[in-house]
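A.B. asks: Please see the structure below; I have some questions.
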Amino acid sequence: MLSNLQQQPADALLALIKLHNDDPRTSKIDLGVGVYRTGQGDTPVFGAIKAAEKRLLETQNSKAYLGPEGDMGFVHALMPYVFGKADPTMQGRIEGMQTPGGTGAVRLALGLAKRAGVQRIWMGVPSWPNHAQIIADLGLELKTFAHSAADGVADMAALRGVLGQVAPGDAVLLHGCCHNPTGIDYTNADWDEIGPAIAASGVLPILDLAYQGLGAGMEEDAYGIRRVLSAVPEALIAYSCDKNFGLYRDRVGAVYVMMAEAAQVAAALSNGHALARAAWSMPPDHGAAAVRLILEDPALVADWLGELDMMRGRMAQVRARLGAAGKAGAVDLTLLGAQHGLFSIVPLTPAQILIMREKHGIYMAGSGRINIAGLTMGNIDAFIAAVAEVSA
Ligand code: LMR
């Protein structure tokens with residue numbers, strides 16, 4: 001039987017990690033997978049996480065099972081940051097569960113949508129490649145529309161068009177902030193229109209918030225999803241702490257359901273518990289427990305937010321430098337200065353991206369996506385010069 005299994009291509013994004021690691025050139029630049037890096041090119045553990053882990057080591061007295069919902073203290077402590085401090089449960093209409101990272105959250109959100117009868121997912125493209133993979137693996141139909149327009153802004157006309165034609169059984173998947181891979185977010189004015197338009201269309205919103213705090217700020221980055229949630233009766237929210245707490249390999253995420261009535265929440269979420277039980281049974285505990293300890297302690301919260309501010313500041317500096325570079329060969333870098341989060345697209349052809357890698361040791365995704373945080377004041381000029389050379 002097992003010889004029926006055909007060789008599958010490696011995940012292109014994850015394969016870049018190995019390609020980069022195997023490159024002996026000291027001048028190589030890793031702009032591939034989305035991890036934050038300091039100006040020295042490191043991805044350190046947050047100080048607040050180190051402190052929480054120390055506390056966890058000293059105080060955690062059992063590793064007995066928690067259940068498919070994971071650490072509910074973590075799930076609840078996160079809610080004011082995601083949904084706002086005023087009423088993070090929206091009168092008891094929102095509840096969640098812990099997931100293995102943002103991928104687990106997206107997987108569960110889409111699985112819940114499918115169980116609820118959703119058949120088609122509308123999604124702006126390009127998107128994070130794993131979105132389409134999960135949609136395909138669940139046997140859902142993917143319908144796409146343009147995420148961004150030629151002038152480097154989100155393509156509201158395309159989204160409007162979709163919301164005007166959706167049918168019962170459709171869901172729309174939107175990135176809450178720091179769009180991956182384009183860095184092009186809907187503006188607040190766009191979200192003011194999107195919320196009511198989603199409500200009027202009847203489509204189920206699935207909101208993916210994987211980079212809160214890495215765009216304009218924790219509150220600012222939640223504007224879009226809060227605007228949608230205030231307008232619609234129900235929604236699914238996939239959340240990741242992998243980036244904003246730097247916990248990548250510890251896999252820390254959550255999925256939240258918002259129902260029209262508080263009384264419907266338990267039944268909806270019980271489906272999440274069943275799906276989780278059949279997939280991973282229980283999420284890994286350690287990272288979520290560390291996040292909970294941070295969120296329970298105002299001093300650690302201040303440390304964590306300070307570290308996030310620093311990360312944002314560094315990325316803003318890189319973006320400013322790229323934006324100021326203007327034209328590099330045929331590529332206009334100006335727009336990158338105004339984009340948000342960890343990613344932007346540099347419009348190079350696959351052949352040019354290969355030359356970037358082979359000749360210049362610069363690793364970027366096949367879509368032309370770069371990880372902004374992979375650039376430092378020490379390597380950014382080399383990057384700009386390489387873009388100018390390959391695109392000339
Ligand atoms: C990325 O897009 O680079 C990250 O979200 C990592 C991943 O899992 O793809």
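A.B. asks: For the chain, report the accessible area per residue in Å² (1.4 Å probe, heavy atoms, rounded to an integer). Can you show the working numbers first?
C.D. replies: On the way: 16640 Å² over 392 residues.
Averaged over the residues of the chain, the accessible area is 42 Å².
A.B. asks: While we're on this one: If I model a spin label as a point 7 Å beyond the Cα along the Cα-Cβ vector, how far apart are those points for GLN7 and LEU142 in nm?
C.D. replies: Reported label-point gap for GLN7 and LEU142 is 2.3 nm.
A.B. asks: Out of SER148, SER367, SER62, any idea which swings most in a Gaussian network model of the chain, alpha carbons joined below 10 Å?
C.D. replies: In the Gaussian network model the winner is SER62.
A.B. asks: Summing -39500 (n - 2.57) over the DSSP H runs of n ≥ 4 in the chain and dividing by its residue number, what mean residue ellipticity at 222 nm do you reach, to the nearest 500 deg cm²/dmol?
C.D. replies: Calculated mean residue ellipticity at 222 nm is -13500 deg cm²/dmol.
A.B. asks: Specify the residue with the greatest mean-square fluctuation among ARG227, ARG107, ARG55, computed from a Gaussian network of the chain linking alpha-carbon atoms under 10 Å apart.
C.D. replies: Greatest mean-square fluctuation among the candidates belongs to ARG55.
A.B. asks: May I pose another question? Out of all DSSP beta bridges in the stretch 65-296, what portion is antiparallel? Express it as a percent rounded to 5.
C.D. replies: 40
A.B. asks: Taking each full run of DSSP H in the chain as one helix, which ones are at least 27 Å long along their axis (Cα atoms) and have mean Kyte-Doolittle hydropathy of at least 0.0?
C.D. replies: Membrane-span-like by this criterion, though nothing is claimed about a membrane: 298-325.
A.B. asks: Okay, moving on. Would you look at the GNM of the chain, springs on alpha carbons closer than 10 Å, and say which of ILE135, ILE17, ILE370 moves the most?
C.D. replies: In this elastic network of the chain, the residue with the biggest mean-square fluctuation among ILE135, ILE17, ILE370 is ILE17.
A.B. asks: Now, a different point. If you place +1 on the Cβ of every Lys and Arg, -1 on the Cβ of every Asp and Glu, and leave all else neutral, what size is the dipole of the chain about its Cα centre, to the nearest 20 Debye?
C.D. replies: Here the chain has a charge dipole of around 580 debye.
A.B. asks: Shape call for the stretch 244-392 from the C-alpha gyration tensor, a ≥ b ≥ c root eigenvalues: rounded (a/c under 1.5), prolate (a/b greater than b/c) or oblate?
C.D. replies: Details: a/c = 2.62, a/b = 1.96, b/c = 1.34.
It is prolate, given that a/c is not under 1.5 and a/b is the larger ratio.
A.B. asks: Where the accessible area of the chain is counted over protein heavy atoms with a 1.4 Å probe, how much of it, in %, is carbon and sulfur?
C.D. replies: The value for the chain is 57 percent carbon and sulfur by accessible area.
A.B. asks: Counting only DSSP beta bridges with both residues in the chain, what percent are antiparallel, rounded to the nearest 5?
C.D. replies: Antiparallel: roughly 45 percent of the beta bridges in the chain.
The values are calculated or read from the model by the stated rules, or taken from the named source; none is laboratory data. Everything numeric here is computed off the predicted structure, so don't read it as measured data. Reconstructed Cβ throughout: ideal geometry from the backbone, glycine too, with neighbour counts over all protein chains shown. Areas reflect the complete protein model, heavy atoms only, side chains present, ligands, DNA and RNA absent. Shrake-Rupley method; radii C 1.70, N 1.55, O 1.52, S 1.80 Å.
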